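J.: Input: one structure, supplied below.
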Amino acid sequence: MNKRRARFLVFKAPSRQELEGYAFVLPCVLMLLLVLGFPVTIAVLNSFTPLWSEAKTFTLENYVKLARDDLFWNALSITLRFVGSTVLLHLIVGLAVAVALNAQIKGHRFFRVIAILPWTVPDVISGLIWRFMYNPTSGIINDLVRSSGVTRSYIEWLAHPRLALPSVIFSDVWRGYPFVMIILLAGLQAIPRELYEAARVDGATAFQEFRHITIPLLKRMIIISVALDTIWQFRRFGLVYNMTFGGPGHVTEILSLYVYKQYFRYFNFEYASAVAVVMAVIMLIISFPYVRMIVRRV
Amino acid sequence: MKGKRRRGAVIAYLFLALVCLYNLAPFVWMVFTSLKTDKEAYAIPPTFWPQEPTSEAYTQVLLWTNFPRYFLNSTVISLGTALLSTLIGSLAGYGFSRFIFRGRATLIGIILASQMLPGVLLVGPYFKVLAKFGLYNTYPGLILAFTSITLPFSTWMLKGYIDTVPEELDQAALIDGCTRLGAYSRVILPVIAPGMVATMIFAFLLAWGDLLWVLVLTSGDKMATVTLGLSRLVTQFRIIWPQLMAGSAVGALPPVILYLVLQNYLVEGLTAGAVKE
């Protein structure tokens, strides 16, 4: 303990090896300060003090306003529902597909290519495709629903207050599960096959194998894929922007869209900064265990 | 025993066939719609197969709009971002992988945590600041902005790759009289070429698919990208779906081709870099 503290108190000239290390990471650190550190500082400052107006006084006004802003709480709740459901569904579908691909059947390479395909398409474009598929009169989804005889009406998937968010979530499952699947598949492939053979000899059922071999050995990969997916889903923007733009009303207005609107529709720069800062803090808190888990191993 | 395994394979096949159907259906719908006439696309009930397939929508989009320009912009910006973040990221990845120095763990933690910062936190300041430096609505401005998203994970992915290369290689190069930079560029870079490719594809895909930044940091058509062009088409009063789907198909083509050609790199890169043990 003492030794450790001393290292901080006594300045020791860095060794040659340390200097070389600094030299290699320096461009990256400088770049990150420029493209991340600088704008983040501005955003945080701006949420407390209007930087682009006459009266430059410190104020908590924006955060007080935020606490009372129903639309902010709405956006937060929509975001949590959107992120929670998409991440969970990505995991379920991704795990199922990964297990099937890991069965080493003939042609699994071909199936893997197809399974990853939706993820390569920009979310803006998948949003547009699904938007037309959801079209009440000329879309393929309503046509299938109608011809199956469930209903004769033209359902407004994206304009109905109750259906809009589930519809957006459903289309995001298509777009996003392959990413989780790739990571889980890599994890599955690392599990020694002998374990399954031994279990089979002991007369384990397929479910028991899954429950007692696959899941425990896949735990780390599941945590990592869920953490990464949560990060990406929290930032999702283009998909919702093009499918509903947050509507009808505000029922699909996720936080990123809400901040964007505050910035560039209503030009409330200080307020938008405050909402974005809160959003960043939430993301940092959620991902803290993940970052700690990784850093401990470096 | 054998029969049980056989049944498992049959179930896997059936399930994967369903997955293929689910994954490909939206692509088929996009391509079929793009081959329809405007009138047919609005038919009630919709047709599935194009009744009179026509490339009209593609001609319209490619010849009568600024779409080729958007395509060029997307390419330049995405390539620039991929190259810049992979170059700087590989240097830093090498530094983090090969050297122990004070503040190393802290820096890695900060780089990882910086991935959590949402884009909307940054776009406001970028919007205000880039104009001051004459970088608003320019390629360098957009490439810098995208680097803020791609650099942290590029660094992390490449560090993961370099960790898998034995340090004896560096030592051998140093003994042969290479400088550290020489060991990095002549010995390590060629070995981790697959990782570089994977990182570049990943950065390219991210930049190509982005909408938020181009929405905020460009104006007019000069710097607009494919995603922005398509998003503008969809906010028009009357959406011409065949054209929009034609544009989407063309816009999805580069990522899909990149992936199909280099899929092994990408899959390995994602799993080796993002998920290293």
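J.: I'm trying to understand the selection: among the residues of the stretch A:108-160, which are polar (S, T, N, Q) and more than 30 Å from A:Ala186 (Cα to Cα)?
T.: Passing the criteria: A:Asn135, A:Thr137, A:Ser138, A:Asn142, A:Ser147, A:Ser148, A:Thr151, A:Ser153.
J.: Taking the criterion of being open to solvent by 60 Å² or more (accessible area, probe 1.4 Å), assigned to a helix (DSSP H, G or I) and at the interface with chain B (Cβ under 7 Å from one of its Cβ atoms), would at least one residue in the stretch A:16-35 satisfy it?
T.: Yes, because at least one residue in the stretch A:16-35 is open to solvent by 60 Å² or more (accessible area, probe 1.4 Å), assigned to a helix (DSSP H, G or I) and at the interface with chain B (Cβ under 7 Å from one of its Cβ atoms).
J.: A further question follows. Report whether or not A:His250 is out of contact with any helix residue (DSSP H, G or I) (no Cβ under 7 Å at 6 or more places or on another chain) and open to solvent by 10 Å² or more (accessible area, probe 1.4 Å).
T.: The answer is no for A:His250.
J.: Which one of the conditions (1) facing chain B (nearest Cβ under 8 Å); (2) open to solvent by 50 Å² or more (accessible area, probe 1.4 Å); (3) touching a residue at least 60 places away in the same chain (Cβ under 8 Å) does A:Ala206 fail to meet, given that it meets all the rest?
T.: So A:Ala206 meets the others, but not (3).
J.: A follow-up question, please. How about the stretch B:131-149: which of its residues are at pLDDT 90 or above and small (Gly, Ala, Ser)?
T.: B:Gly141, B:Ala145, B:Ser148
J.: I need the full set of residues from the stretch A:253-274 which are within 8 Å of another protein chain (Cβ to nearest Cβ) and open to solvent by less than 10 Å² (accessible area, probe 1.4 Å), in order please.
T.: Scanning the stretch A:253-274 gives A:Leu255, A:Ser256, A:Val259, A:Tyr263, A:Ala272, A:Ser273.
J.: So A:Leu89 clears everything in (1) open to solvent by 30 Å² or more (accessible area, probe 1.4 Å); (2) within 8 Å of chain B (Cβ to nearest Cβ) except one condition, right? Which one?
T.: (2)
J.: Yes or no: the stretch A:151-162 includes at least one residue that is within 8 Å of chain B (Cβ to nearest Cβ), among the hydrophobic types (A, V, I, L, M, F, W, C) and open to solvent by 10 Å² or more (accessible area, probe 1.4 Å).
T.: No, the stretch A:151-162 contains no residue that is within 8 Å of chain B (Cβ to nearest Cβ), among the hydrophobic types (A, V, I, L, M, F, W, C) and open to solvent by 10 Å² or more (accessible area, probe 1.4 Å).
J.: Would you point out the residue of the stretch B:48-76, among those that are assigned to a loop (DSSP other than H, G, I, E, B) and of a type outside the set (A, V, I, L, M, F, W, C), that is farthest from A:Pro136 (Cα to Cα)?
T.: Among those residues, the one meeting the criterion is B:Asn66.
J.: Among the residues in the stretch B:105-128, are any open to solvent by 10 Å² or more (accessible area, probe 1.4 Å), over 24 Å from B:Leu206 (Cα atoms), within 7 Å of chain A (Cβ to nearest Cβ) and of a type outside the set (Ser, Thr, Tyr)?
T.: Scanning the stretch B:105-128, I find at least one residue that is open to solvent by 10 Å² or more (accessible area, probe 1.4 Å), over 24 Å from B:Leu206 (Cα atoms), within 7 Å of chain A (Cβ to nearest Cβ) and of a type outside the set (Ser, Thr, Tyr), so the answer is yes.
J.: Report, ordered by the first and then the second residue, all pairs with beta carbons closer than 6 Å, sequence separation of six or more or different chains, a first member in the stretch B:249-260 that is facing another protein chain (nearest Cβ under 9 Å) and more than 17 Å from B:Ser55 (Cα to Cα), and a second member that is open to solvent by 20 Å² or more (accessible area, probe 1.4 Å) and modelled with pLDDT under 95.
T.: From residues that are facing another protein chain (nearest Cβ under 9 Å) and more than 17 Å from B:Ser55 (Cα to Cα), the pairs are B:Pro255/B:Leu205.
J.: Where in the stretch B:177-277 are there helices (runs of 4 or more DSSP H), lying fully within it, with 1 or more residues that are modelled with pLDDT under 90 and open to solvent by less than 10 Å² (accessible area, probe 1.4 Å)?
T.: B:193-209, B:226-234, B:241-274
J.: Exactly one condition in (1) open to solvent by less than 10 Å² (accessible area, probe 1.4 Å); (2) modelled with pLDDT of 90 or more; (3) under 25 Å from B:Trp156 (Cβ atoms) is not met by A:Asn242; state its number.
T.: Unmet condition: (3).
J.: So, in the stretch B:77-103, how many residues would count as being assigned to a helix (DSSP H, G or I), more than 7 Å from chain A (Cβ to nearest Cβ) and over 25 Å from B:Leu217 (Cβ atoms)?
T.: Qualifying residue count, the stretch B:77-103: 4.
J.: Which of the helices (runs of 4 or more DSSP H) found entirely inside the stretch A:105-215 contain at least 3 residues meeting this: of a type in the set (A, V, I, L, M, F, W, C) and touching a Ser or Thr at 6+ places or on another chain (Cβ under 7 Å)?
T.: A:123-133, A:164-189
J.: Which of the residues belonging to the stretch A:36-65 are closer than 16 Å to B:Thr147 by Cα and surrounded by 18 or more Cβ atoms within 10 Å (Cβ to Cβ)?
T.: A:Leu36, A:Pro39, A:Val40
J.: Same structure again: For residues in the stretch B:129-149 being hydroxyl-bearing (Ser, Thr, Tyr) and more than 7 Å from chain A (Cβ to nearest Cβ), which is surrounded by the fewest Cβ atoms within 10 Å (Cβ to Cβ)?
T.: Top of the filtered list is B:Tyr139.
J.: Does any residue in the stretch A:45-72 that is farther than 11 Å from A:Val275 by Cα and within 14 Å of chain B (Cβ to nearest Cβ) come within less than 9 Å, Cβ to Cβ, of a residue that is of a type in the set (D, E, K, R) and assigned to a loop (DSSP other than H, G, I, E, B) six or more places away or on a different chain, and which pairs are these?
T.: A:Thr49/A:Lys56; A:Pro50/A:Lys56
J.: For the stretch A:265-285, what are the residues that are modelled with pLDDT under 90 and among the hydrophobic types (A, V, I, L, M, F, W, C)?
T.: The answer is A:Phe267, A:Phe269.
J.: Among the numbered criteria (1) within 9 Å of another protein chain (Cβ to nearest Cβ); (2) open to solvent by 50 Å² or more (accessible area, probe 1.4 Å), which one does B:Glu56 miss?
T.: Here B:Glu56 clears every test but (1).
J.: Please determine, by comparing only the residues of the stretch B:1-47 that are under 16 Å from B:Ala246 (Cα atoms) and outside any helix (DSSP H, G or I), which one is nearest to the other protein chains (Cβ to nearest Cβ).
T.: B:Tyr42
So that you can scan it fast, the table gives a plain yes or no per residue for (1) under 13 Å from B:Thr81 (Cα atoms); (2) in contact (Cβ under 8 Å) with a residue 12 or more places away in the chain; (3) not hydrophobic (A, V, I, L, M, F, W, C):
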{"residue": "B:Tyr139", "(1), (2), (3)": "yes, yes, yes"}
{"residue": "B:Ile143", "(1), (2), (3)": "yes, yes, no"}
{"residue": "B:Ser148", "(1), (2), (3)": "yes, yes, yes"}
{"residue": "B:Tyr161", "(1), (2), (3)": "no, yes, yes"}
{"residue": "B:Cys178", "(1), (2), (3)": "no, no, no"}
{"residue": "B:Tyr184", "(1), (2), (3)": "no, yes, yes"}
{"residue": "B:Phe204", "(1), (2), (3)": "yes, yes, no"}
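J.: Going by what's in this entry, would B:Leu83 be described as at pLDDT 90 or above, in contact with a helix residue (DSSP H, G or I) (Cβ under 8 Å, 6 or more places away or on another chain) and open to solvent by 50 Å² or more (accessible area, probe 1.4 Å)?
T.: It is true that B:Leu83 is at pLDDT 90 or above, in contact with a helix residue (DSSP H, G or I) (Cβ under 8 Å, 6 or more places away or on another chain) and open to solvent by 50 Å² or more (accessible area, probe 1.4 Å).
J.: So, in the stretch A:283-298, how many residues would count as being among the aliphatic types (A, V, I, L, M) and without any contact (Cβ under 8 Å) to a residue 40 or more places away in the chain?
T.: 6
J.: Also: Being open to solvent by 30 Å² or more (accessible area, probe 1.4 Å) and under 19 Å from B:Val226 (Cα atoms) is the filter here; which residues of the stretch A:108-147 pass it?
T.: Correct list: A:Trp119, A:Arg131.
The values are calculated or read from the model by the stated rules, or taken from the named source; none is laboratory data. What you see is a predicted model; the values in this text were computed from it and never measured. Neighbour counts run over all protein chains shown; Cβ positions are idealised from the backbone, glycine included. For the accessible areas, the whole protein counts, side chains as well, though only heavy atoms, and no ligand, DNA or RNA atoms are used. Shrake-Rupley method; radii C 1.70, N 1.55, O 1.52, S 1.80 Å.
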